Structure formats: C-alpha cells, structure tokens
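Coordinate-derived values only; no laboratory data. Model, not experiment: these values are computed from the prediction. All Cβ positions, glycine included, derive from the backbone under ideal geometry; neighbour counts span all protein chains shown.
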Amino acid sequence: MKLYFAPFEGISGYIYRNALNRHFGAIDKYFIPFILPNQFGKLSYREKNDILPEHNKGMQAVPQILTNSSEDFLCTAKILQEYGYNEINLNLGCPSRTVVTKGRGAGFLGEPEKLDKFLDEVFEKIDIKVSLKTRIGLDAPEEFERLLEIYNKYPVSELIIHPRLQIDMYKNLPDLDTFENAFGQCNHSVCYNGDIFTIQDYENFVERFPKVAKVMLGRGMLINPGLAREIRTGIKTDKETLRAFHDEILENYKNVLSGDKTILFKMKEFWFYTGKLFADSDKYIKKIRKSEKIAVYETVVDQLFFEKQLI
Ligand SMILES: Cc1cc2nc3c(=O)[nH]c(=O)nc-3n(C[C@H](O)[C@H](O)[C@H](O)COP(=O)(O)O)c2cc1C
C-alpha cells in the first residue's frame, strides 16, 4: 500500500512536513497545500518557500494548484516544472464558501462542461504528470458519474477521491458505496482519502477494498503523526518522538516567524489536532488556546507531556 500525506493549507507547510518526515516518515508522497495563481503570474512568499527544493529534500513532494483557469494552471505548472517538479495536483475538493463561489475547488465540480474544457486544454499542452484530488460532487453523489466520465477521458496520473460532497464540508461519513462504484469504473490509478483516523479504520478499509493500492491520510496524521509509521511497522507513537517532533516545529516557527502571537497561532492549530492524542487533555488544550506568551505555552506543554498519557 502506498501512503500519502494530505495537504493542509495553513498547517502542513514545509516546516511541518520536514519534521514529520524526520521523526515519523513512512509516507510515500507529501502533498503541498494549494497554490492560488495570482494576476502577477508569480508565487507568493509562502508558496515559494513551500515548494523550494531545499525545503523538500529527502521526500517526494507534490505541489497542488487551486484554479479553474487552464491558462493560470499551465503558467503555474511551468514555474513548478522549472523548480524540478514532474507531477502537479489539481484541487477539486476545497469546500470553503469563498473558494466554491468563485467556481474553484469543489465549486468547479458544479460546472462539468467547463471542467471538461479545462482538462482538455491542460492535457493538450502539459508535459508533466497531472493528478486530481476530487470530491464526489456539490450536492448529490449522482453527480460523480458525469465527473468520472470526464476524468476517464484524460491521461490523469492518479485520481485521489475524497468521497464527500461539497455540502458535507468535513461532516457526515465518506460515501463508500459511491467510492466503490467509482473505483470499478475508473480508468486511472485511484487513491482513497477520508476519515482514516486509526489503525482500525485503516484495516476496515483494506478489508472492504483489498484492491485499492493507495490511501491518503489526512486529519488522522495531524492527530497522530505516527499513524503511517504504525500502519507500516506496528511501532506506536511514543511521547519522546512526539515531543521531538513538536519541539522541531516550534523551534523552526520561532526562526521564521516573528512575534509570540504569530508563532502561537500556528502551535494552537497543531494542538487542535494533536491534543486529541492525549488522554484527558481538555484542560491543557484550553490553557494552550488561551496562552499569549511562548514561555507560558511551553510550561503548559511540559505539563501535558509530563502528566498525561497518549491514548
Ligand atoms: C484546515 C484544512 C486545510 C486543508 N487544506 C487543503 C489543501 O490545501 N488542499 C487540499 O486538497 N485539501 C485540503 N484539505 C483537505 C484534506 O487534505 C483532506 O482531503 C481532508 O481532511 C479529508 O481527509 P481526512 O478525512 O483523512 O482528514 C484541508 C483540510 C483542512 C481541515
């Protein structure tokens, strides 16, 4: 089984991915959070830092683009190709209102003819691999049949399916029946993504879908960064490794960000997920959320690691 790490805009930047790769690893591909092409045809400071080859050493990283303009996609793909990338992923899943109302991300799924034309123009000109990360529709799973027909027309390098609708956001359960249907009808190499939080979830998935050869892990990895390693080797996440992982991320944010508030904003997001890995941690996570000074934050983190056990 190939295991991929899902992109998380605002969370899984290069600092996070490098620490993950160093301390836990076991990931075959790391997807970089989306690049949003702008009118200047240039990457933003954040985007450039995220894709720089020196920030992605020793791992296979795949950049992602969020757009509905084939021209913008091709222009950004060219820049990425110059940095040495030979695979680009298209975001067809972002469910956020501001993205969807502009017809991007999951919003693009509501305009199948336009999407077809977009893919036609992209695949006519592009000479590197293009993979797609898609939801199954906007409002109803029946939409996926038409979308799959379109995807099947093009030499997509892999199709990552998150079987939720845009209206689901991250609620409800992934629609495994629609996924099963799609898997049977898809010409492409398929990767499954959605709600694999534990080894048990992974095993249940593999039992139902023994022929699926790729799984993308998302929030399950943010909660337990050792999930992929545990799937591969059976080694459970321990406090010492988790602490080293946390400390490296904090240290690197301190090096590149300025001001306690900015750094703590990032660390609070980290604990929003990883806090769930500790038993009985609500009180500590609340204190972390309220902390405004790094010194205070570090004391709470010390206490959490000292006083609480991993689930
Ligand atoms: C805060 C946040 C940021 C995300 N950013 C991206 C992104 O940049 N690109 C993308 O394709 N998906 C993004 N996603 C979706 C995840 O990559 C993943 O598909 C989703 O969490 C479902 O997988 P899971 O159930 O295993 O978590 C984001 C999700 C969240 C919660």
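Quick look at the numbers
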| item | result |
| --- | --- |
| Counted charge near residue 164, where neighbours are those whose Cβ lies closer than 11 Å (Asp, Glu -1; Lys, Arg +1) | -1 |
| Environment charge at residue 226 (Cβ cut-off 9 Å; Lys +1, Arg +1, Asp -1, Glu -1) | 0 |
| Distance violations [Cα-Cα > 26 Å] among 78/102; 129/254; 78/261; 48/254 | 129/254; 78/261 |
| Projected area averaged over orientations for the chain, convex hull of C-alpha atoms, nm² | 15.7 nm² |
| Spread of Cα-to-Cα distances over 10 Å intervals beginning at zero, given as percent, for region 63-194 | 13, 48, 32, 7, 0 |
| Mean Cβ count within 10 Å, highest first, over the residues of peptides 103-109, 195-201 | 103-109, 195-201 |
| Span per principal axis, largest first, for the Cα atoms of region 1-81 (Å) | 38, 27, 21 |
| Nearest 10 degrees, 0 to 90: helix 112-125 Cα axis against the chain principal axis | 90 degrees |
| Under 16 Å from residue 117, Cα to Cα: aspartates and glutamates that are on another chain or at least 8 residues apart | 71, 72, 149 |
| Fully extended contour minus Cα-Cα distance, from residue 152 to residue 233, at 0.36 nm per residue | 25.6 nm |
| Most to least packed among 25-36, 258-269, 243-254 [average Cβ atoms within 10 Å] | 25-36, 243-254, 258-269 |
| Rg(Cα)/(2.2 N^0.38 Å) for region 180-238, N = residue count | 1.19 |
| Rounded tilt (10° steps) of 260-274 against the dominant C-alpha axis of the chain | 80 degrees |
